[in-house]
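These notes are about the structure you will find just below.
Values quoted throughout were computed directly from the atomic coordinates according to the rules given, and no laboratory measurement underlies them. Everything numeric here is computed off the predicted structure, so don't read it as measured data. Every residue, glycine among them, receives a Cβ derived from its backbone with ideal geometry; neighbour counts consider all protein chains shown.
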């Protein structure tokens, strides 16, 4: 059983990163992984990627679900509730408070610059998140090949990702990964 | 992809990728460095195009 300070630290970290999650919560996954796996050792890379995969495979708000599962792993049911709440409550509060101001100046030149400036940074953060998660999940080249293949297929075609998930699951089920 | 014709946008996307995935800098540091400079670059380029 971990001390209550572990739960407080997790909630504080999730609240902080969710408040700066430009482009959605996936952009802060490298930071969350670093915090729970490398800094505190609350779970292994395998645990983290398993939770990520489980959350991605289930419909709905998957990052809230994922952080709920991370919280569960750290501090049980209370950790799950606290983790999920810390993921959605701070950004919701910020958006609610900032929306009127943001909307009032929606045609302002400075706001166009802010949007045009933040968009590429966000794209880079999302790609970085993908690389960090792939590194954590892929323990060798047999697992790396499907990752690269999935990225190439999604970039070049309009195939529904569910087929790639099914193919990955099939390969894993057959013991090929 | 919508930003592929903006060299400054590609540069900032690449920097964000490298700083977070390979240099392993904390997200806060990456954002504090890149967000203001990317916004400033976007403002400068939009002023130059006008």
From the square roots a ≥ b ≥ c of the eigenvalues of the alpha-carbon gyration tensor of the range A:116-168, which class results: rounded (a/c under 1.5), prolate (a/b over b/c), or oblate? oblate
Taking the Cβ-Cβ separation of residue A:6 and residue B:33 as r and a Förster radius of 25 Å, what is the calculated FRET efficiency to the nearest 0.05? 0.25
Listed peptides A:168-176, A:78-86 by packing density, highest first (mean Cβ within 10 Å): A:78-86, A:168-176
With -39,500 (n - 2.57) per DSSP H segment of 4 or more residues and division by the full residue count of the protein assembly as shown, the 222 nm estimate, nearest 500 deg cm²/dmol, is -25500 deg cm²/dmol
According to the square roots a ≥ b ≥ c of the eigenvalues of the Cα gyration tensor, what is the shape class of the protein assembly as shown, taking rounded for a/c under 1.5, prolate for a/b larger than b/c otherwise, and oblate for the remainder? oblate
Order by neighbour count: A:14, B:34, fewest other Cβ atoms within 10 Å first, most last. B:34, A:14
Hey, what did chain A get for relative contact order, percent, Cα under 8 Å, at least 6 apart? 24 percent
Counting only other chains, and only Cβ atoms inside 10 Å, what mean value do you get across the residues of A:68-80? 0
Test of understanding: extend the Cα→C-beta vector of residue A:101 to 7 Å, then name every residue of the range A:1-24 with backbone N under 17 Å from that spot. A:19-22
Once you average over the residues of B:10-19, how many Cβ atoms of partner chains fall within 10 Å of each Cβ? 6
Gap separating the Cα centres of the range A:64-105 and the range B:21-37, nearest whole Å: 22 Å
Let me check against my output: what whole-number percent is the relative contact order of the range A:1-86, with C-alpha pairs under 8 Å and at least 6 apart? 30 percent
Give the shape of the range A:1-57 as rounded, prolate or oblate, defined through the alpha-carbon gyration tensor: a ≥ b ≥ c are the square roots of its eigenvalues, a/c under 1.5 means rounded, and otherwise the shape is prolate if a/b is larger than b/c and oblate if not. oblate
Measure out, as a whole number of angstrom, how far apart the alpha-carbon centroids of the range A:136-154 and the range A:1-33 sit. 26 Å
If you count, for every residue in B:22-34, the Cβ atoms of partner chains within 10 Å of its Cβ, what is the mean? 4
